[in-house]
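Taking it in order: structure first as structure tokens, then the write-up.
The values are calculated or read from the model by the stated rules, or taken from the named source; none is laboratory data. Every value quoted in this text rests on a predicted model; they were computed, and no experiment measured them. Here the Cβ positions follow ideal geometry from the backbone for every residue, glycine too, while neighbour counts run over all protein chains shown.
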């Protein structure tokens, strides 16, 4: 919806406010009122109806405290009529896929789908439906097949173009560009001038297309990607697949790209890689998890993503693919589901044994909102990725989910509470999406300091005891939230109830901008913590001990052995997303005069690429740089420096959206500017740099394919499909380290100097 009628929604809010709290009202009346409520999204340019002022509770971004409640994730419910679209035309073969797009009909009724098939070559196809269950494949008269244009093939460059992603923008001034197409072409067939990558095209009706002038619009190597219009930031965003070194393997990961100019996309930068929980299932050599793709899209006041989880079971390229939920506030930094017993719940699982979708499932670039539910058409296959079963079939199905129903905060048995952080712009009417049919839900309004406001206590709140997606909260003397510019908190009080989301005005956000807590590691205070609560993990022969000779007094320090063949390093937990502004610092003491690692996420072989970082030093003063920093395949270094004097020295580097400054003892010794872009590993292990648009994506910053290590590189071997290398330990740290800091801000020279004197926790 592009421009809703404000008076319509005011009336619907008024109706829904009185229906549900009355226990004796008819169920159908309550449901009709709450399902009709749609928030005003005027000005957001959201053709899919997914953006709204509602606040989801899929993660803890807004949450300060939870008591006697738990977060429960909810998968989509698959239709009993699945599959709803099958390959039944000669040009479709046995396999139809939905990596594409589903939109409403041109006049707002029914549905349209852009999908593709595989039968020795790819074909891009179009179909329509009145109900989303029964699909018609019209004879478009556009592309010839076996001498006839009586088919639903809408587009063709070569036999290798596929993955048709459609972005519909009805507000586009040029009617010939209201539909925009992105699809991937491998560029291996005629015409010879084709280059592999994502190609763009325009259309007035979604069926007849004209290529953009400068194709491909994105040359990155990944052959899977999802692209949408982002109404929050008023730009196009995309999540292509890229390859990055992750814990010994060259894996499929998720990248990010964004542009306001559809015809010029900057290079894809790494944002999301498999963590250790993803590999917990693996029991055999070379089994691992990779990310086959991400359907990321703006939803409500943030972003929702369906992450395609690929379990490689044969060690090569075969295994099932299913979807997990991820969430974000900016579309770049994504929050994974909370693991329960080392397992994350699929948002869209594969089907049971024998089902049409038992092997793989894939999602389009975004779902659609349908009143009080989400409709998601998806591709499914009866075989796993890499299967050589010639009889395999793939089809398209439909799944549904409650509006905002990805996750809920549940209280069962004892009364539970959820208290938000201080919120700004919280005002007007307050609504909840909740199910309290078997219990109750009440809301308190608190000051920034946590004091309950008079007239807004739980005892004065009119109790919710029903199920609805837009239930109005009121109090005995108040129908609206306090009219104030001050920050407020909400406390939800639940008993046998589930809370999915809430809405209390537009532009609600944290009063205090959320800044990630840095890692301030002092071994003196860390030693008495339990291993699971520490900010680090010791690997190999690192020893935590008293340093009586003192870096700075009688303190606990980390001592690394002098033998370079002894494995010794420290893993810094939760350090994989330094971001766009950060500082790395350490106080070290070494008697060796060789090149040594300080901070590293490097596979230990070959050129460094995106997802890897290296901060090392050489105190000898010889030919090597004294300090060196490498990120996204680019290097900033100082001249040779001599500081092998047996004394303690402070080493630091700052990164400020590409500007790098190197410090030795709080004195600037080197600086440089890194280009925005990335350096990727291909499937074959070749290194490919992409720096076409140097000013495009400063906000992505540095995202790593795993945690940072201190003193050495990531573990052992590196596997690139069938090729395996085992690098020898190199440039390992020898000596002692008093403390380490990772600050998610850019410190000045004086602040860096004061770090070693700060309270270290």
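So the values come out like this:
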| item | result |
| --- | --- |
| Which listed residue, of 352, 364, 320, 346, is assigned by TED's automatic domain parsing to the domain that holds residue 110 and closer than 22 Å to residue 57 by Cβ | 346 |
| Region 599-623, residues that are surrounded by 20 or more Cβ atoms within 10 Å (Cβ to Cβ) and either part of a strand (DSSP E or B) or over 29 Å from the mean Cα position of the chain (by Cα) (or both) | 599, 600, 601, 613, 615, 616, 617, 618, 619 |
| Segments classed as strands (runs of 3 or more DSSP E), wholly inside region 295-340, with at least 3 members that are modelled with pLDDT under 95 and surrounded by 22 or more Cβ atoms within 10 Å (Cβ to Cβ) | none |
| Residue tally, condition under 22 Å from residue 589 (Cβ atoms), in contact with a strand residue (DSSP E or B) (Cβ under 8 Å, 6 or more places away or on another chain) and not in a loop (DSSP other than H, G, I, E, B), over region 655-667 | 3 |
| Members of region 60-97 that are in a strand (DSSP E or B), closer than 25 Å to residue 388 by Cβ and either at pLDDT below 95 or not assigned by TED's automatic domain parsing to the domain that holds residue 305 (or both) | 93, 95, 97 |
| Residue list for region 116-145, filter: at positive phi, modelled with pLDDT of 95 or more and more than 30 Å from the chain's Cα centre (by Cα) | 141 |
| Total residues in region 465-486, condition surrounded by fewer than 18 Cβ atoms within 10 Å (Cβ to Cβ) and under 31 Å from the mean Cα position of the chain (by Cα) | 0 |
| Hits in region 420-429 - residues which are within 20 Å of residue 462 (Cβ to Cβ) and surrounded by fewer than 17 Cβ atoms within 10 Å (Cβ to Cβ) | 428 |
| Among (1) touching a residue at least 24 places away in the same chain (Cβ under 8 Å); (2) in contact with a strand residue (DSSP E or B) (Cβ under 7 Å, 6 or more places away or on another chain), the one test that residue 333 misses | (2) |
| Selected residue (criterion: surrounded by the most Cβ atoms within 10 Å (Cβ to Cβ)) from residues of region 32-59 that are assigned to a loop (DSSP other than H, G, I, E, B) and modelled with pLDDT under 50 | 37 |
| Those residues of region 630-641 which are under 13 Å from residue 664 (Cα atoms) and touching a residue at least 24 places away in the same chain (Cβ under 8 Å), in sequence order | 637, 638, 639, 641 |
| Any hit, region 714-735, residues being more than 23 Å from residue 604 (Cα to Cα) and either part of a loop (DSSP other than H, G, I, E, B) or not assigned by TED's automatic domain parsing to the domain that holds residue 635 (or both) | no |
| Residue count, region 434-449 (criterion: outside any loop (DSSP other than H, G, I, E, B) and under 20 Å from residue 478 (Cα atoms)) | 8 |
| Looking only at region 362-372, and only at residues there that are modelled with pLDDT under 95 and either closer than 11 Å to residue 48 by Cβ or not in a loop (DSSP other than H, G, I, E, B) (or both), the one that is nearest to the chain's Cα centre (by Cα) | 369 |
| Unmet requirement for residue 347, which otherwise passes all of (1) under 29 Å from residue 509 (Cα atoms); (2) part of a loop (DSSP other than H, G, I, E, B) | (2) |
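Yes/no matrix, rows are residues, columns are (1) touching a strand residue (DSSP E or B) at 6+ places or on another chain (Cβ under 9 Å); (2) outside any strand (DSSP E or B):
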{"site": "559", "(1), (2)": "yes, no"}
{"site": "563", "(1), (2)": "no, yes"}
{"site": "576", "(1), (2)": "yes, yes"}
{"site": "597", "(1), (2)": "yes, no"}
